[in-house]
Amino acid sequence: MTSGTRPRRRRLEPAERRAEILAAARHLFGAGSYASVSTSDIAEAAGVARPLINHYFGGKRELYLEVVRQLMIVPAPVTEALPDTTMEERLAIGVERWVDVVDRNRDAWLTVIGPESAGRDPEIERIMLEADEVAADRVLEAALMTDVTEGREELRAMIRSFGGLLRAASREWLIRGTLDRTALRTFLTDSILNLLKVTYPAVLAERPGSGGRTPPASSRSSA
């Protein structure tokens, strides 16, 4: 295909076409910035007519917000079909899958968590809050702790806070190069395990009337 020639359009189902537009937008926003990318650029990269972007997403801003949502909300496959094994092994697999997602979309991920997206945009803030809640659900699912009731709000708050550490650690990996992929995976897995197995029980033990008891983090946690 020569420079300036649009990709040949293919007949696709609406969901497939929408996914192609999203993929093109994710790539372009990652390579540039929100301000530098136009709907014409996205349409050309996706091989569609520009009105289709408005048809599927409403416009450039709505498409950008969907890219942010897609990248920030932990996808269900990260914790789906985990093996019936210990908390430690399930969380390690979940972290590895999340690292894979970020690695495949590293430029777009850095754009989304960068200063331009963090500029107190209320809609992006809502997406971030939604992403934190979904991440808490995913972690509890992977850790076999979905039925926890005691101290549940404190536990979810700590997991949501872990999200900030996760984003900072990804910058160390992708921007600074101070952590390689293996070190990042170990750091994140050990950090979330420590939160669930040490910090959470310690917080419960300090609650008035607790008597210093510490509940087990999971019935299938290894010793």
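The values are calculated or read from the model by the stated rules, or taken from the named source; none is laboratory data. Every value quoted in this text rests on a predicted model; they were computed, and no experiment measured them. When we count neighbours, we look across all protein chains shown, and the Cβ atoms used for this are built from the backbone with ideal geometry, even at glycine. SASA here: full protein model, heavy atoms, side chains in, ligands and nucleic acids out. Shrake-Rupley method; radii C 1.70, N 1.55, O 1.52, S 1.80 Å.
FRET efficiency for the pair ARG50 and ARG104, taken as 1/(1 + (r/R0)^6) with r the Cβ-Cβ distance and R0 = 22 Å, rounds to 0.25. For the chain, a crude dipole built from +1 on the beta carbon of Lys and Arg and -1 on the beta carbon of Asp and Glu, taken about the Cα centre, is about 700 debye to the nearest 20. Equivalent ellipsoid of the stretch 31-141: semi-axes from √(5λ) of the C-alpha gyration tensor, largest first, are 30, 16, 13 Å.
The share of C-alpha pairs in the stretch 113-182 whose separation exceeds 20 Å stands at 43 percent. In percent, rounded to a whole number, the relative contact order of the stretch 16-70 is 38, using alpha-carbon pairs under 8 Å and six or more apart. For GLU133, the accessible surface of its heavy atoms amounts to roughly 70 Å² (probe 1.4 Å, protein chains only, rounded to the nearest 10). Amide H contacts for VAL74 (H built 1.01 Å from N in the peptide plane; partners 5 or more residues away or on another chain; cut-off under 5 Å): ALA135. Heavy-atom accessible area with a 1.4 Å probe sorts ASP84, ASP41, largest first, into ASP84, ASP41.
Find which of LEU144, ALA24, PHE162 sits farthest along the positive direction of the dipole of the chain, computed with +1 on the beta-carbon of Lys and Arg, -1 on that of Asp and Glu, about the Cα centre. After comparing all options, I get ALA24. In units of the compact-protein estimate 2.2 N^0.38 Å, the chain shows a Cα radius of gyration of 1.19. Using C-alpha pairs under 8 Å with a sequence gap of at least 6, the mean separation divided by the residue count of the chain gives a relative contact order of 20 percent. Taking a sphere under 14 Å around the Cβ of ARG104 and counting the other residues whose Cβ falls inside, with K and R at +1 and D and E at -1, yields a net charge of 0. Listed values for the stretch 98-112 are Karplus-derived 3J(HN,Hα) couplings in whole Hz (6.51 cos²θ - 1.76 cosθ + 1.60, θ = phi - 60°), namely 5, 4, 4, 4, 5, 4, 5, 10, 4, 5, 5, 4, 5, 5, 5, and x replaces Gly and Pro.
Ranking THR186, THR149 from most to least accessible surface, computed with a 1.4 Å probe over the protein chains only, gives THR149, THR186.
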